[in-house]
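Bear in mind these aren't lab numbers, they're just calculated from the coordinates by the rules spelled out. Just so you know, these numbers come straight off a predicted model, no measurement behind them. When we count neighbours, we look across all protein chains shown, and the Cβ atoms used for this are built from the backbone with ideal geometry, even at glycine.
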Amino acid sequence: MTTASRTAPKPIGMRLLSNSRGLTRRSPTFAAGLIIVGFFAFLSFFASWVAPFNPIQVFPDSVLTAPGGQFFLGTDGNGMDVFSRVIHGSRFAFSIAIPSVVLMIAIGVPLGLITGYRGGMLDEILLRILDVMRSFPAIILALAVVAATGQTLLNVIIVLGLVEAPIFARVVRAEVLTLRSSGFVESAVAAGNSTRRVIFVHIMPNAISGATAQIALRMAWAVRASATLAFLGIGIQAPAPEWGAMIRQGAEFMISGQWWIALFPGIALVCIVLGFNLLGDGLHDLLDPKRKPTGK
Amino acid sequence: MSLLKVDNLHTHFVTRDLKDELRVAKALNGVSFALEQGEILGLVGETGAGKSLTAMSIMGLLSPPARVVEGSVRFKETELINLPVGDLDQLRGQEITMIVQSPVSSLDPLKRIGRQLIRMQQVHRAITTAEARKRAIEMLRIVGIPNPERRIRAWPHELSGGMAQRVLIAMALINEPSLIIADEPTTGLDVTVQAQILDLLLDLVSERSMSAIVITHDLGIVAHYCGRMAVMFAGRIVEEGPTRDVFKNPSHPYTQALISSAPSHAGSRQRASAAGPPPNLYNLPEGCHYRDRCPSARDICATQPHPVMVSAGHQAACHFVAETSSQEPVGS
Amino acid sequence: MLSGPMANEAEIEEVRRSLGLDRPIFEQFFVYVQNLLRGDLGKSWQSNEPVLDEILLRLPASIELLILALVTGTIIGVPTGLYAAYRPNRLFDQITRFGSLLGFSIPTYWFALVATFVFFFLLRWAAPPLGRIGMEVFPPPDITGSYFVDSLLTGNLAAASSAGHHLLLPAIVFSIIVSAPIIKQTRAIALEALGSDYVRYARACGYGPGLVRRIALRASFAPIVTFIGSETTTMLLAVSLIEFIFSWGGFGQWGLNAILFGDFAAVQGYVLVLATFSAFVFLFVDLLVLLFEPRSGLLK
C-alpha cells in the first residue's frame with residue numbers, strides 16, 4: 001500500500017485534549033465527576049505512598065486521640081490512624097465496585113440485547129424478575145444472600161453483580177428497543193446479515209454507548225451497597241480499613257463524642273459516590289442532547 | 001391600515017456546541033409582509049424555511065434559546081414585539097387565535113372539551129357558564145361534530161385527529177377573533193379528512209370576514225384556498241403576491257422550481273428541481289440565501305436582492321426578475 | 001446452627017429430620033405455602049415465638065416511621081422540585097440539583113450517626129438515640145400503635161414530648177435522604193409538563209401565566225404520585241436502617257437482625273412482608289391515579 005497522506009492525522013492525544021476542553025465546559029458535572037473519581041483512583045493506586053502510616057498499625061498509647069498533630073484525622077478505638085485507613089479504604093471501593101459492575105455488564109448486556117431484540121419467553125421472564133425486584137430493596141436481598149452463603153469478598157462481588165444485573169439489562173433492552181425500529185437496523189437485516197451479526201456488530205455498540213451513563217451509576221450503587229453491607233456486619237470487617245466497617249466501629253463512639261472515627265470514612269464515601277453520580281449525570285448530559293437536532 | 005404588518009423580523013437561536021462555542025442559527029432573516037382585513041394568506045416553504053417560527057414569533061410563543069432579535073409586528077396599530085405579557089394574553093385567544101399541528105396532544109388532557117371551550121370564553125370575557133356552554137355546543141355543531149350536547153363531555157384523548165382538529169377550530173373561532181393563524185392544520189390527518197377540515201375552516205373564515213394565515217408546505221392547499229401567498233426560503237420571503245399571479249408568473253427561481261416540481265405541473269416546461277440540501281442556518285451565504293441552489297446565480301447575488309415589483313401587489317426578491325419572468329413585467 | 005455448636009453428626013441429622021429439611025425441596029416449599037395460607041409463617045428460632053406474632057408486634061413502630069418518612073420526604077421534596085422547575089437554571093435550581101445529587105450519595109446510616117452527634121450530643125435537641133420513648137416516661141396505651149399519637153390522644157403531654165423528641169432524629173435523616181430522589185424526579189416531571197404541547201397551546205390561547213402554571217401542575221400530579229409510590233422500597237430500606245441504629249424496636253430492625261443471625265424462618269417472614277407491603281402500596285397508588293386520570297377510561 002503506497003497511499004501517501006497529505007496531512008499527518010492529528011495525534012489522538014491532542015484531539016482528545018481539544019475536545020475535552022469543550023466536553024468539560026459543556027458538562028461541568030461530567031468534569032467534576034471525572035476529577036473526583038480520578039482522585040480516588042489515584043489514592044487507591046498510591047495508597048501506600050500517600051498514607052503516613054500502615055492502616056492496621058496499632059498505636060497502643062494513642063487510642064481515641066482527636067484529629068491533629070501526628071494523627072491528621074485522629075485514631076480509632078484500637079489506636080489505628082484514621083487518615084491512613086481512610087486512604088487505604090479507597091482500594092476496597094474500587095476492588096469491589098469494578099468487578100461487580102463488570103459482572104453486571106457481562107450478564108446484563110447479553111441479556112438486554114437478546115430480550116430487546118428477540119422478545120419472547122426470555123423477555124417475559126426478565127420483566128417478571130424486574131417487577132419482583134422493584135418491590136424489594138435490592139440491598140436487603142444482597143444482604144440476605146451474602147449472609148447465607150458466606151461472607152467473603154468474592155461473594156460480595158458476585159452477589160452485588162447478580163442483583164443489579166437485571167437493572168442493567170433493562171437499560172440495554174430499552175436502548176435495543178429504540179434501535180430496533182430505526183432505519184439502519186432494518187437495512188442491515190435486509191442486506192442479509194445473520195441475526196447474530198446484526199445484534200453484535202450493529203446494535204451492540206450503540207446500545208452500550210447509551211448505557212454508559214448507567215455504568216457510572218451502577219458503580220455508585222455498588223460502592224454504597226458494599227459499604228452498607230460492611231456497616232451491618234456482613235462482608236469485609238475490621239481490622240480491614242473498609243469504610244463501611246470503619247463507620248460501624250465508629251458508631252459506638254459517636255454518642256460519646258469521638259466523632260472523627262465514623263465521620264471521615266463517611267465523608268470519603270459521600271465524595272466517591274457523589275463523584276460517580278456526577279459522572280453518570282454528566283454522561284447523560286453529553287450523550288443525550290447530541291441527539292437533539294439544532295434549531296428549526 | 002393593514003390588519004397585520006410584519007416588518008423586518010429577525011429570529012435567532014443561540015446555543016453552545018460541544019466545543020462550547022456560541023452558535024447562532026439565523027432562522028428568520030428579515031421577514032416582512034402585510035395582511036389586510038378579510039385576506040387569506042398562504043405561507044409556503046420547505047421544512048425549516050421558518051414558517052412556523054414566523055407564527056410563533058408573531059404570537060410571542062418563542063421559548064429559549066429562540067429570540068426575536070430585531071423587527072416589528074404591528075397588529076391593528078399595537079406593537080406585539082416586547083408587549084407586556086398581560087397585554088399579549090388579552091390579544092391571544094381573543095383577537096388572534098391559533099390552530100396547531102398536533103391537536104390531540106395540544107388540548108388539556110385533564111379537562112373535558114366542553115369545559116375547555118367554556119374556559120376559552122371565560123378567560124377573555126365576562127360570560128356566564130350557562131351562556132358559554134350554549135355557545136360551546138353551538139360551535140361544535142358548526143364545526144361539524146355530531147351530537148354536540150353529548151360530545152362536550154368527551155376527553156381529548158377520546159377524539160380522532162380530525163375530530164380534535166375540529167375542536168381546535170371551534171376553540172379558535174369561539175371568541176370571534178380578527179385573525180386566525182393555522183400552522184400546518186392538516187399534517188397527520190387522513191387525506192380524506194384534510195380537505196374536509198380545510199373546507200370547513202376557510203368557509204367559516206370567509207363567512208365571518210376574518211383574516212387568516214395558512215402555513216403549509218403543500219402548494220395545492222395554497223392554490224385552492226388562499227387569495228394571496230408568500231414563499232419563504234431560509235428565513236426570508238422570496239416572493240409574494242396574489243396567488244393566481246404568482247402561479248401564472250413565478251418570478252423567483254425558487255418559486256419557479258417549487259411550482260414546476262409540484263405534481264400537477266408534471267410534464268410542463270422543465271426547470272431545475274426545487275430539491276437540494278437545506279440551507280445551513282448557522283452559516284448562510286452572504287447576500288441571497290438561495291445562491292447555493294440557484295441555477296442562475298451570478299456574482300451580483302452576493303449582495304442581498306431587494307423585492308422587485310413584478311406586477312400590482314406581486315413582488316419577488318431576486319436580481320433577475322425581469323429576465324426570468326415569463327411575461328413582460330407591467331411596471332419595473 | 002439450631003442444634004448448637006457442639007452437636008455431632010447424629011444430633012444434626014435429628015434436628016434436620018424434625019424440621020422436615022430432609023424432604024425434597026419442592027415438598028418443603030409446598031408445605032411452606034400451605035402454612036402461609038393458614039397464617040403460619042414458622043417459628044423464629046431465636047425467640048422461639050411464631051414469626052407472625054413477632055412481626056405483628058413490631059409493625060406499628062415501623063409504620064410510624066414509614067409515615068414520617070413519607071410525609072417528610074413529600075413535604076420537602078415536592079415543593080422544592082416544583083419550585084426549581086418553574087425557575088430553571090437560576091441559582092435555586094442549581095443549588096437544588098446539586099443538593100439532591102448530594103442526598104443521593106449520602107449513606108443513610110452514616111448520616112443518622114452524624115445527625116445523632118450534632119443534634120443529640122452537641123445540641124441536646126434530640127433524645128438519646130435509643131428506642132422510641134424515654135425511660136423516665138410510661139408508654140401510652142396502645143390505640144394507633146404510635147407512641148407519639150397515642151400520647152396526644154390520651155392527653156399525656158410528657159410522654160408525647162418524649163416520643164416527639166425521639167422522632168426528631170429520624171425525621172432529620174428522612175428529610176435529606178428520602179427527599180433527594182423526590183426532588184430530582186418532581187423537577188423532571190414538572191419540566192416535561194412545562195415544555196409540552198398543551199402548555200404551549202394554553203399560552204397561545206391567551207391563558208395567563210397563573211392558569212398555564214395550574215394546567216402544568218395538574219398534569220404533573222399523577223406522575224409525581226406514582227413516583228412517590230415507587231419510592232416505597234427506598235423508604236422501607238431507610239426505615240429499616242434507622243430502626244437498626246436507633247434500636248427502634250420495629251419490624252425492620254428485627255428483620256435485619258434475623259438476617260445477621262441466620263434466623264431463616266424470620267428472614268423469610270421479613271422478606272415476604274416487605275414484598276407484600278410494597279406490592280399493596282403500588283396497587284393502591286395505581287388505583288388512586290387511575291381514579292383521577294381521564295385517560296384510564298374510568299371517568300365517564
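Taking Cα centre as origin and charging only the Cβ of basic (Lys, Arg, +1) and acidic (Asp, Glu, -1) residues, the dipole magnitude of the protein assembly as shown rounds to 2040 debye.
In straight-distance terms, cross-link reach from residue C:184 covers every one of the aspartates and glutamates whose alpha-carbon lies under 14 Å from its own, apart from those fewer than eight places away in the same chain; here that gives A:281, C:93, C:192, C:231.
At 4 °C and 1.567 mPa s, what whole-number value in µm²/s does Stokes-Einstein give for the translational diffusion of the stretch A:121-230, with Rh from the Kirkwood sum over Cα pairs? Stokes-Einstein gives a translational diffusion coefficient of 82 µm²/s. Averaged over peptide C:110-123, the number of partner chain Cβ atoms lying within 10 Å of each residue's Cβ comes to 5. Across the stretch C:122-258, Cα-Cα pairs farther apart than 25 Å form 49% of the total. Taking the empirical scaling 2.2 N^0.38 Å for compact globular proteins as reference, the stretch C:52-294 has a Cα radius of gyration ratio of 1.15. When only Cα pairs below 8 angstrom with a gap of at least 6 residues are kept, chain B shows a relative contact order of 19 percent. Semi-axes of the equivalent ellipsoid for chain B, computed as √(5λ) from the eigenvalues of its C-alpha gyration tensor and ordered from largest down, come to 36, 23, 19 Å.
Eigen-decomposition of the gyration tensor built on the alpha-carbon atoms of the stretch C:237-286 gives equivalent ellipsoid semi-axes of 21, 14, 6 angstrom, largest listed first. Exceedance of the 32 Å cut-off in Cα-Cα distance is limited, within the set B:5/B:111; B:51/B:134; B:51/B:76, to B:5/B:111; B:51/B:134. Reducing the stretch B:216-240 and the stretch B:282-307 to their Cα centroids gives an inter-centroid distance of 20 Å. Between helix B:129-142 and chain B there is an angle of about 50 degrees, using the helix long axis and the longest principal axis of the Cα atoms. Annotation: peptides A:32-38, B:144-150, A:223-229, B:39-45, ranked by per-residue average of other Cβ atoms within 10 Å with the highest first, follow the order A:223-229, B:39-45, A:32-38, B:144-150. Peptide packing: for B:308-319, C:103-114, the average count of neighbouring Cβ atoms within 10 Å per residue gives the ranking C:103-114, B:308-319, highest mean first. Using the Cβ-Cβ distance between residue B:283 and residue B:47 with R0 set to 22 Å, the FRET efficiency works out to roughly 0.75. Projected over all directions and averaged, the alpha-carbon convex hull of the stretch A:39-188 occupies 13.1 nm². Computed over chain A, the P(r) curve from all C-alpha pair distances, binned at 5 Å from the origin, holds 1, 5, 10, 12, 13, 13, 12, 10, 8, 6, 4, 3, 2, 1, 0, 0 percent per bin. Measure nothing but the geometry: give the 0 to 90° angle between the long axis through the Cα atoms of A:204-232 and the longest principal axis through the Cα atoms of chain A, rounded to 10°. Rounded to the nearest ten degrees, it is 20.
A convex hull fitted to the Cα coordinates of the protein assembly as shown yields 262 cubic angstrom per residue. Summary value for chain A: 25 percent relative contact order, contacts being C-alpha pairs under 8 angstrom separated by 6+ residues. Counting, for every residue in A:215-226, the Cβ atoms of other protein chains within 10 Å of its Cβ and taking the mean gives 1.
Once you keep just the Cα pairs under 8 angstrom separated by 6 or more residues, what percentage relative contact order results for the stretch C:52-294? RCO, the stretch C:52-294: 28 percent.
Peptide B:100-107 shows a mean partner chain C-beta count of 4 within 10 Å per residue C-beta.
Each label point was placed 7 Å from the Cα along the Cα-to-Cβ direction; for residue B:304 and residue A:182 their separation is 3.9 nm. Maximal additional length on extending the residue B:21-residue B:70 stretch stands at 15.4 nm, based on 0.36 nm per residue less the C-alpha distance.
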